[in-house]
Amino acid sequence: MARKVDKPSPGTADAPEKSANESSASAQNKAADTHKAPDKPKSLSDILAEASPAKLEALSKNLSDALLESQQILMSMGSYQAKSQLGAQTADPFGFGEAWSKIGAEFARHPEKMFSAQMNLWEGHLNIWRSFLTHHEEKPSADKKFSDPEWNTNPFFEMIRKSYELNSQWMLSLVSASTEIDEHTRRKATFLARQTAEAFSPTNFFSTNPQALRAMLETGGESLIQGLRNIRKDIARGHGRLLISQTDASAFEIGRNIATAPGKVVFKNELLELIQYAPTTETTFEVPLVIFPPWINKYYILDLKEENSMIRWLTSQGYSVFIVSWRSADHSMKDVTWDDYVKLGAYDVTRKVCELMSVEKVNVVGYCIGGTMLSSALAHMATHGEDHIESATFFASQADFEEAGDLRVFTDEHALSYIESRIDLHDGIMAGEDMGETFNYLRPADLVWRYVIDNYMLGKTPKPFDLLYWNSDQTNIPGKTHKTYLECLYRDNDLSNGQFKVQGEKVSLADIQLPCLFQAGRDDHIAPFRSVYRTAKRFGGDCELVLAGSGHIAGVVNHPDAKKYQHWVNPDLGDSIESWLEQAEEHKGSWWPHWGNWLEKRSGDRIAAPKVKDAGLGDAPGDYVRMRLEDLGVGASAK
């Protein structure tokens with residue numbers, strides 16, 4: 001039964017996804033929910049009271065060993081920093097401090113604001129003490145970080161938790177109370193406040209994490225020793241840089257248990273490999289489907305396992321599917337530009353598929369930055385009368401960046417200057433490690449701190465998880481291409497404003513008269529659904545928006561058999577996102593069948609399934625997807 005969508009709160013579009021990088025937090029929680037306490041765990045005081053002399057002796061010895069292990073870690077990290085460029089970095093390369101200094105200046109000009117803020121903080125702490133003195137019972141914290149019973153039953157930890165929650169809320173309230181700062185400053189200050197609050201959570205410090213202390217006491221200190229060993233392994237894996245493990249990478253092999261859909265590489269150039277997948281039905285639709293994934297990370301997010309593979313689902317529905325596998329950049333690609341992605345990607349690939357399949361038109365899909373590139377290419381094709389595209393679908397993709405979310409904090413002059421210095425450091429390449437860190441810290445609670453706690457404080461070994469393996473399989477990006485994306489698109493919004501140039505000519509999204517379907521994720525923190533809606537409104541053809549539950553990854557990759565989440569449909573874009581939401585109907589489960597119905601109408605008749613020709617370039621998944629950062633001679637991983 002369909003029903004109207006609940007209107008999201010004003011902050012929903014920019015809220016952390018509940019996908020990175022992602023990579024859905026809900027999926028990660030199922031794989032390894034480290035913050036969930038065991039059933040009725042013993043209290044710390046009970047564990048200490050029951051500890052035998054032998055257990056305490058073992059604990060004492062392991063604590064001594066842990067001290068030595070810690071010293072070795074500090075020495076190895078110091079040695080690396082001494083011989084690397086890390087020491088040359090500025091303390092605040094993105095200029096977040098300047099944003100907060102503007103807030104401080106406003107409060108200095110208006111002392112009454114500071115007085116009010118200080119009184120609110122003082123009253124908050126008084127209320128905490130009052131609740132302790134009166135033994136007032138309160139509901140446990142809704143924050144999953146504080147699910148351990150000690151946070152609510154142990155007065156010491158309860159005081160720490162309440163003080164932390166109060167101080168975090170107070171810090172964010174300072175941004176809200178500032179009325180004289182511009183929106184960009186507000187965005188940066190809010191981002192820093194959230195990052196600071198996450199970083200200073202008491203769960204991130206061993207001495208104030210009851211779960212870590214319990215593990216240490218119960219194991220006689222073995223968990224602490226194992227955690228320190230995990231740190232050393234991650235430092236070694238990052239060649240001196242702490243590269244936090246999110247999953248057991250040894251459990252996966254591309255082409256063996258992920259990216260296994262059968263097919264062949266049918267075309268290859270210096271930028272990409274084109275894979276054609278083997279049909280799995282006796283007949284297929286006449287018009288083939290060509291997918292342009294992002295070149296940030298790799299294409300097999302759409303072909304992880306058989307049970308969640310979009311590629312396998314599409315072939316089972318009778319589509320002839322092609323996908324681009326982008327090459328991760330090495331130093332030979334430092335001069336590759338956005339125009340090269342358009343020409344060697346969008347133009348050459350779609351023409352090649354028309355040639356291979358003996359058809360006049362193809363349907364195309366663009367995911368994330370792959371969709372942004374495709375949008376610019378389609379606008380250029382429209383200008384030049386190219387008529388070989390039947391329709392376009394966009395997954396979590398933006399061409400209007402006015403409301404582009406948290407990534408905009410990295411597009412002002414401070415941030416761009418720092419990013420350019422990183423590109424220069426790597427001789428014209430944006431290193432995959434730098435990109436990976438950026439996306440992880442967009443969702444630090446789920447992609448950073450949970451693994452600091454699990455791996456280093458609890459001494460756990462990360463569990464195998466295909467989505468996180470993909471998330472860690474990063475790619476290098478040509479520096480010129482990356483700067484175009486950040487400066488011309490994110491910062492200046494040139495593509496939406498008709499000022500972006502493709503092959504030297506300005507292009508307009510309004511010239512794209514194709515039928516288009518835009519998918520957005522309700523909790524997407526990278527391509528917020530409001531931004532995707534603005535993008536759809538810029539196109540000149542018949543456009544439809546589908547809003548999926550979850551975020552940037554899980555909102556897109558949601559196999560119907562999983563029976564997860566929900567989606568909202570409304571064929572009329574209307575005048576505003578609010579009016580679209582008001583009239584949208586909610587349906588349970590995946591949005592793929594709705595897209596399939598839309599796509600089928602634009603895919604021609606059924607014909608005998610064509611065989612995939614052998615171009616002598618090898619089987620899927622090809623060679624480019626197997627290139628790891630350490631193979632490419634760029635960044636710390638290559639040293």
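The values are calculated or read from the model by the stated rules, or taken from the named source; none is laboratory data. Every value quoted in this text rests on a predicted model; they were computed, and no experiment measured them. Counting neighbours? That spans all protein chains shown, and the Cβs are built from the backbone with ideal geometry, glycine included. To get the accessible areas, we keep the full protein, side chains included, count just its heavy atoms, and leave off ligands, DNA and RNA. Shrake-Rupley method; radii C 1.70, N 1.55, O 1.52, S 1.80 Å.
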Being over 27 Å from the mean Cα position of the chain (by Cα) and outside any loop (DSSP other than H, G, I, E, B) is the filter here, so list the residues in the stretch 487-522 that pass it.
Lys501, Val502, Glu505, Lys506, Ala510, Asp511
Looking across the stretch 382-392 at residues that are more than 12 Å from Ser508 (Cβ to Cβ) and of a type in the set (A, V, I, L, M, F, W, C), the single one that is surrounded by the most Cβ atoms within 10 Å (Cβ to Cβ) is Ala392
Taking interchain pairs and intrachain pairs at least six residues apart, which have beta carbon atoms under 6 angstrom, with the first residue in the stretch 404-417 and crowded, with 18+ Cβ neighbours inside 10 Å and the second of a type in the set (Asp, Glu) and in a helix (DSSP H, G or I)?
Gly405/Asp14
Under 30 Å from Ala638 (Cα atoms), among the small types (Gly, Ala, Ser) and either touching a Phe, Trp or Tyr at 6+ places or on another chain (Cβ under 9 Å) or open to solvent by 40 Å² or more (accessible area, probe 1.4 Å) (or both), is that true of Ser472?
yes
Go through the stretch 150-190 residue by residue and tally those that are crowded, with 17+ Cβ neighbours inside 10 Å and not in a helix (DSSP H, G or I).
3
The listed residue being open to solvent by less than 50 Å² (accessible area, probe 1.4 Å), out of contact with any strand residue (DSSP E or B) (no Cβ under 7 Å at 6 or more places or on another chain) and modelled with pLDDT of 95 or more, out of Ser576, Ser603:
Ser576
Search result, residues across the stretch 429-458 that are assigned to a loop (DSSP other than H, G, I, E, B), open to solvent by less than 20 Å² (accessible area, probe 1.4 Å) and closer than 23 Å to His239 by Cβ
Ala431
Looking at the stretch 357-370, which of its residues are open to solvent by 50 Å² or more (accessible area, probe 1.4 Å) and in contact with a strand residue (DSSP E or B) (Cβ under 6 Å, 6 or more places away or on another chain)?
Lys361
I need every pair where a residue in the stretch 591-616 that is in a loop (DSSP other than H, G, I, E, B) has its Cβ under 8 Å from the Cβ of a residue that is of a type in the set (Asp, Glu), sequence separation at least 6 or different chains.
Arg602/Glu390; Ser603/Glu286; Ser603/Glu390; Gly604/Glu286; Asp605/Glu286; Ala609/Glu282
Say we look at the stretch 216-234 and pick out the residues that are touching a Leu at 6+ places or on another chain (Cβ under 8 Å) and open to solvent by less than 20 Å² (accessible area, probe 1.4 Å); which of these is farthest from Ala51 (Cα to Cα)?
Asp234
Looking only at residues that are assigned to a loop (DSSP other than H, G, I, E, B), at pLDDT 95 or above and of a type in the set (Gly, Ala, Ser) in the stretch 386-422, which one is farthest from Glu286 (Cα to Cα)?
Ala399
